[in-house]
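S.K.: Pasting a structure here, questions to come.
The values are calculated or read from the model by the stated rules, or taken from the named source; none is laboratory data. Because the structure is predicted, anything quoted here is derived from the model rather than measured. Every residue, glycine among them, receives a Cβ derived from its backbone with ideal geometry; neighbour counts consider all protein chains shown.
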C-alpha cells in the first residue's frame, strides 16, 4: 500500500457469550484489514464468517455482550489535518482478559463505562465521516417517516444545511443521482410504498448525502430480486466512478465483489484468510491462492467455459465438511478439516499451529502453511 | 463490571444448561414465591371446602374482640371475635373457582382484555408468518395447522398464555374482592377478603388496624404471587433474548 | 368511515344498556320495592304502583320506554330523589372526570420512568428492585390503601381530607381531590402491566433494523423510536386501562366520600335506582368508547399504512 490507509483494523476481536453453553461465540477473532483512500475493498465469506459483525464493530453498533473486547480501528477520515484516530481508543481500560494457552477464556468488561466513552468518540464519525448501508433496505428505513425526510435528516445533521427547503433540494439531488425514478414523487412516499430496490437506492442516497469519507455497504444486494441486484451493482459501479468514495463492501456474492472491488479479503471462521488485489484473488487458477478461496471459486455455478473446473457427473463441486463452529474454534488452521490441499507432510503443522497472515506477493497476504511467505504477524 | 468465563472442556460435548440452572436468582425467587402462593391457595381452597379449619369462621369469641394474633387465634380476631385465619381460608372459596373459570374461558377464547389478547396473538401470528423459519418448516413439509399449533402457539405463545393465565387469576381476585368490598359480592356473614376489609374499616380509624390489614395483606401477597409467577415463568421461557 | 364508527358506537351503547338493564332486572330487588317499604309487597300492590307511575309492566316494555326517552334526550328521573338524572350526572360528572384523568396521569408518572429506565438497562440491582416495587404496588388493594392514607393524614398531619356528607367541593375543592387521585393512580392495579407493556415495546423497537440505521446515521435514536416505541404503546395503554380506572373510581369515591358518579352509582345500586344506574352506565360506556376512538385516530395519524385506507 503506497498511500497511508484511510481505515486500518488491527487484531479486532468481538465476542458474544452463550449462557446456556457457558462459552464464547468468537464472531470476530483477530481480524486485520486496511483500505487505501479511494479503494473499494470487498470482504467475502460465508454466513457466520464474521464479516458483518466486523463492519458493525467499526461503528460501535454491535448489540450483544461482551461485544468488542480488543483491537484498534484507525480512521484517517474527516478533516485529515490531524492524523488517524483510533475509534476504539482506551478499550483496554474497560476490558480485562484472561488467557490460557494463548486463548482467551475469560472477559471482564465495564459495558456502561465503555458505551459512554465510545459513543462520544463515534458521535463525530457516524453518518458524517463513515456512512453505512444495510441489507433488507425495507426494514432498515423508518416506516413512519417519508423517504425524503429521512434523506433530508442526513443532510441537516451532517452538511451544515439548516433550512428545510434547501435540505429537500439536496435530498432530491441525491435521489436523482441514485437514478430513482420520479424523485419528487418518491420523496413524499413511505418506505412501505417503495420496492426493495428503490428502498436500497434511497438508503444509498441517504448515506452519500452526508458526503462521507468511507462508505460501508453490508450485503447491499442480499434480499433483493436477482434482476434488481444487478441494477444496484451497476449503480454502485457508476457511483464509484463518479464520486470515488472509499468503500468497504461486505458480501457473500463473489460476482458482486468481482464487479466492484479493487482489493478482496476472504474471511473464514471469524478471521481473514486471504487479502490481496481482486484480479489475483478472484481469478481461478492464479497462484498463489488460499485453498479456501480456490474451493469457493470452484463451487460457483457458471454458464461460461473459461477454464473453470467443471462439474463432475453433473454435480457442482462442494467444499466437504461443515462450517467451523465459532463457539468451538479448532486449534491450528481453522480450515484444515475441510482443506483438500492438505498433505501428510504438513498435516501436523496445520492441526497444531495457526498460520500467521503472511505476505506472499506484493500487496497480497495469506494465512496458510502451504504459502508461508514472509510472516509479519497479524 | 460484567464477567464472562468459558468453562473448560470441549464445547461441542457440552449439553445446554437447563433453563432453570441458567436462570437468575431473582427469577428463581420469584417463581418460587409464586408457586408457594399458588400451592397455599390451592391447599386452602381444599381445606375450606372440606371444612378443616383451625376454628369455626362464624364462631364469635366475645371475650376477645379485635384481638391481635395470640393464643387460640393465630391471626387474631375481627370485630365480632371471629377467628381471622379461618375466615381468610374460607374467603378463598369466593374467588377460586370463578377465577379458574374466567382464566380457562379467556385462554380458550382470548376474551379477557379481549381485543387486546386476541389482537396480540393475531399480531404475533402475522409477524411470525414472515419469519423465515416458518418458510423453512413449510418447505420441510409440515402442514400449516401443525406449524401454527406447534411453532407459533406453543413455542412462541406459551409464555404469553402463561402470563395471561396468571394475570387473569390476579384480575379475578381483584374483581371479586372489590365487588365484595362494595357489598355486591359475597355478603356477611360469609367471609370474603373484600368484605373482611370493609368490616374492619371503622375500627381502623380507632387504631385497630389488624382486622382490615390482615385480609388486605392476604390480597396483596396473593396477587403478587400470581404476578411474580407469571413474570418469572415468562422470563424463563423466553427464547434467548440477550438481556 | 366516520359513519361506520358512529353506527358502531350506537350499537355498542345499545348493547351495554341492554345488558345492564337485564342484569338489573334479574337481580333481587327493584326500585318499586323501595317505594313500597313498609307495605306488603304483594303483586297487586306492585301493579298499582306501576300504574300510578305509568310504567309498563314487562321488562322489555320498560326498556323500550327508556330507549324512547333517550332518543328524546331524556335520561329519566331518579326514583329516589325525583331529580332528573341528566342533571345529577352533569353535576357529579366533572368530579369523576377529574379523578379519572388525574389518576391516569399518576399511573403514567409511575410507569413511564420505570419503563424507560428498564428498557435501557435490563439487568442490575436497581432494575430488579423497581420491577418488584411495581408488582407490589399493583397488588395493593385500593380500598385498604385509602384507609391507610386517610388515617395517616388524620393522625399524622391533622388534616381532614374528606368532604363531609354530600357537601360540594368549595373553591379549593380540587385540593381535596389530590389524595384520592394519588391513591387511585397508584393502586388501580394496572401499573405493572402498563410498565411491562411500555418497556417491552420500547425494548423491541430499539432492536429494530431501522433504529440501527438511525444510530449508524448519527441521528438521535429517541426521535426515531418515539412513534412506535412510545407514542403508540402509551395510547394503547391509556385506552385499554380506562375501564380499570373507572372501576377503581367507584371504590375510591366511597372511601374518600368524593361526590362523583362512582359514589352516585353505588348509592343508586343500594336503592335500586334504575334510571340513575342506567344513565351512569351509558356515560361510562360512552367514555370508554371515546377513548377507543381517540386511540384509533392517533394510530391512523401515525401509521402510514392505515392512513392510506
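S.K.: So which residues in region B:195-229 are surrounded by 21 or more Cβ atoms within 10 Å (Cβ to Cβ), touching a residue at least 24 places away in the same chain (Cβ under 8 Å) and either touching a strand residue (DSSP E or B) at 6+ places or on another chain (Cβ under 8 Å) or facing another protein chain (nearest Cβ under 10 Å) (or both)?
M.R.: Within region B:195-229, B:200, B:211, B:215, B:218, B:219, B:222, B:223, B:224, B:225, B:226, B:227, B:228 qualify.
S.K.: What about residue C:137, is it buried (at least 19 other Cβ atoms within 10 Å of the Cβ), out of contact with any strand residue (DSSP E or B) (no Cβ under 9 Å at 6 or more places or on another chain), more than 11 Å from chain B (Cβ to nearest Cβ) and in contact (Cβ under 8 Å) with a residue 40 or more places away in the chain?
M.R.: So residue C:137 does not fit the description; no.
S.K.: To continue, here is another question. Just the residues that are in contact (Cβ under 8 Å) with a residue 60 or more places away in the chain and either buried (at least 20 other Cβ atoms within 10 Å of the Cβ) or not in a helix (DSSP H, G or I) (or both), please, taken from region C:113-127.
M.R.: C:114, C:115, C:118, C:119, C:122, listed by residue number.
S.K.: Regarding region C:259-268, can at least one residue be identified that is more than 14 Å from chain A (Cβ to nearest Cβ), touching a helix residue (DSSP H, G or I) at 6+ places or on another chain (Cβ under 8 Å), buried (at least 21 other Cβ atoms within 10 Å of the Cβ) and without any contact (Cβ under 8 Å) to a residue 40 or more places away in the chain?
M.R.: Among the residues of region C:259-268, at least one is more than 14 Å from chain A (Cβ to nearest Cβ), touching a helix residue (DSSP H, G or I) at 6+ places or on another chain (Cβ under 8 Å), buried (at least 21 other Cβ atoms within 10 Å of the Cβ) and without any contact (Cβ under 8 Å) to a residue 40 or more places away in the chain, which makes the answer yes.
For (1) within 12 Å of another protein chain (Cβ to nearest Cβ); (2) over 20 Å from residue A:327 (Cβ atoms), each residue gets a yes or a no:
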{"residue": "A:66", "(1), (2)": "yes, no"}
{"residue": "A:69", "(1), (2)": "yes, no"}
{"residue": "A:91", "(1), (2)": "no, yes"}
{"residue": "A:94", "(1), (2)": "yes, yes"}
{"residue": "A:102", "(1), (2)": "no, no"}
{"residue": "A:107", "(1), (2)": "yes, no"}
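S.K.: Limited to region A:150-165, what total is found for residues that are in contact (Cβ under 8 Å) with a residue 24 or more places away in the chain and surrounded by fewer than 19 Cβ atoms within 10 Å (Cβ to Cβ)?
M.R.: Going through region A:150-165 one residue at a time, the tally reaches 1.
S.K.: For residue C:130, indicate whether it is modelled with pLDDT of 85 or more, in the same structural domain as residue C:251 (by TED's automatic domain parsing) and surrounded by 14 or more Cβ atoms within 10 Å (Cβ to Cβ).
M.R.: It is true that residue C:130 is modelled with pLDDT of 85 or more, in the same structural domain as residue C:251 (by TED's automatic domain parsing) and surrounded by 14 or more Cβ atoms within 10 Å (Cβ to Cβ).
S.K.: When you scan region A:166-182, do you find a residue that is surrounded by fewer than 23 Cβ atoms within 10 Å (Cβ to Cβ), facing chain C (nearest Cβ under 9 Å) and either more than 27 Å from the chain's Cα centre (by Cα) or over 28 Å from residue C:120 (Cα atoms) (or both), even just one?
M.R.: no
S.K.: Still on this model: Could you please find all residues in region A:255-266 being in contact with a strand residue (DSSP E or B) (Cβ under 6 Å, 6 or more places away or on another chain) and either outside any strand (DSSP E or B) or closer than 16 Å to residue A:11 by Cα (or both)?
M.R.: Passing the criteria: A:257, A:260, A:261, A:262, A:265, A:266.
S.K.: Something else about it: Output yes when any residue across region A:42-61 is over 15 Å from the mean Cα position of the chain (by Cα) and in a loop (DSSP other than H, G, I, E, B), and no when none is.
M.R.: No, the conditions are met nowhere in region A:42-61.
S.K.: Would you check which residues across region A:57-94 are free of Cβ contacts under 8 Å to residues at least 40 places away in the same chain and farther than 13 Å from residue A:125 by Cα and list them?
M.R.: Across region A:57-94, the qualifying residues are A:63, A:81, A:82, A:83, A:89, A:90, A:91, A:92, A:93, A:94.
S.K.: A follow-up question, please. Does residue C:213 satisfy the condition of being surrounded by fewer than 23 Cβ atoms within 10 Å (Cβ to Cβ) and either facing another protein chain (nearest Cβ under 9 Å) or on the phi < 0 side of the Ramachandran plot (or both)?
M.R.: No, not satisfied.
S.K.: Look through region B:178-193, keep the residues that are touching a residue at least 24 places away in the same chain (Cβ under 8 Å) and within 11 Å of chain C (Cβ to nearest Cβ), and return whichever of them is nearest to residue C:155 (Cα to Cα).
M.R.: Taking the candidates together, the pick is B:193.
S.K.: Moving on. Which of (1) out of contact with any strand residue (DSSP E or B) (no Cβ under 9 Å at 6 or more places or on another chain); (2) surrounded by fewer than 23 Cβ atoms within 10 Å (Cβ to Cβ); (3) at the interface with chain B (Cβ under 10 Å from one of its Cβ atoms) does residue C:110 not meet, given it meets every other one?
M.R.: (3)
S.K.: Which residues, taken from region B:41-71, are at positive phi and either surrounded by 13 or more Cβ atoms within 10 Å (Cβ to Cβ) or in contact with a strand residue (DSSP E or B) (Cβ under 6 Å, 6 or more places away or on another chain) (or both)?
M.R.: B:66
S.K.: Let me ask you something else. Going through region A:126-141 one residue at a time, which ones are assigned to a loop (DSSP other than H, G, I, E, B) and more than 7 Å from chain C (Cβ to nearest Cβ)?
M.R.: Selection gives A:129, A:135.
S.K.: Among the residues of region A:18-55, how many are in contact (Cβ under 8 Å) with a residue 60 or more places away in the chain and within 11 Å of another protein chain (Cβ to nearest Cβ)?
M.R.: Here the count works out to 7.
S.K.: Test of understanding: among A:120, A:85, which residue is surrounded by fewer than 20 Cβ atoms within 10 Å (Cβ to Cβ), more than 15 Å from residue A:10 (Cβ to Cβ) and either more than 14 Å from chain B (Cβ to nearest Cβ) or in contact with a helix residue (DSSP H, G or I) (Cβ under 6 Å, 6 or more places away or on another chain) (or both)?
M.R.: So the residue among A:120, A:85 that is surrounded by fewer than 20 Cβ atoms within 10 Å (Cβ to Cβ), more than 15 Å from residue A:10 (Cβ to Cβ) and either more than 14 Å from chain B (Cβ to nearest Cβ) or in contact with a helix residue (DSSP H, G or I) (Cβ under 6 Å, 6 or more places away or on another chain) (or both) is A:120.
S.K.: Let me ask another. From A:18, A:49, grab the single residue that is more than 17 Å from residue A:110 (Cα to Cα) and either surrounded by fewer than 24 Cβ atoms within 10 Å (Cβ to Cβ) or modelled with pLDDT of 90 or more (or both).
M.R.: Sole residue among the options that is more than 17 Å from residue A:110 (Cα to Cα) and either surrounded by fewer than 24 Cβ atoms within 10 Å (Cβ to Cβ) or modelled with pLDDT of 90 or more (or both): A:18.
S.K.: Let me ask you something else. Out of all the residues in region A:185-199, is one or more without any contact (Cβ under 8 Å) to a residue 24 or more places away in the chain, in contact with a helix residue (DSSP H, G or I) (Cβ under 6 Å, 6 or more places away or on another chain), surrounded by fewer than 21 Cβ atoms within 10 Å (Cβ to Cβ) and not in a loop (DSSP other than H, G, I, E, B)?
M.R.: There is no residue in region A:185-199 that is without any contact (Cβ under 8 Å) to a residue 24 or more places away in the chain, in contact with a helix residue (DSSP H, G or I) (Cβ under 6 Å, 6 or more places away or on another chain), surrounded by fewer than 21 Cβ atoms within 10 Å (Cβ to Cβ) and not in a loop (DSSP other than H, G, I, E, B).
S.K.: Yes or no: region C:283-291 includes at least one residue that is surrounded by fewer than 18 Cβ atoms within 10 Å (Cβ to Cβ) and not in a helix (DSSP H, G or I).
M.R.: So far as region C:283-291 goes, no, none of its residues is surrounded by fewer than 18 Cβ atoms within 10 Å (Cβ to Cβ) and not in a helix (DSSP H, G or I).
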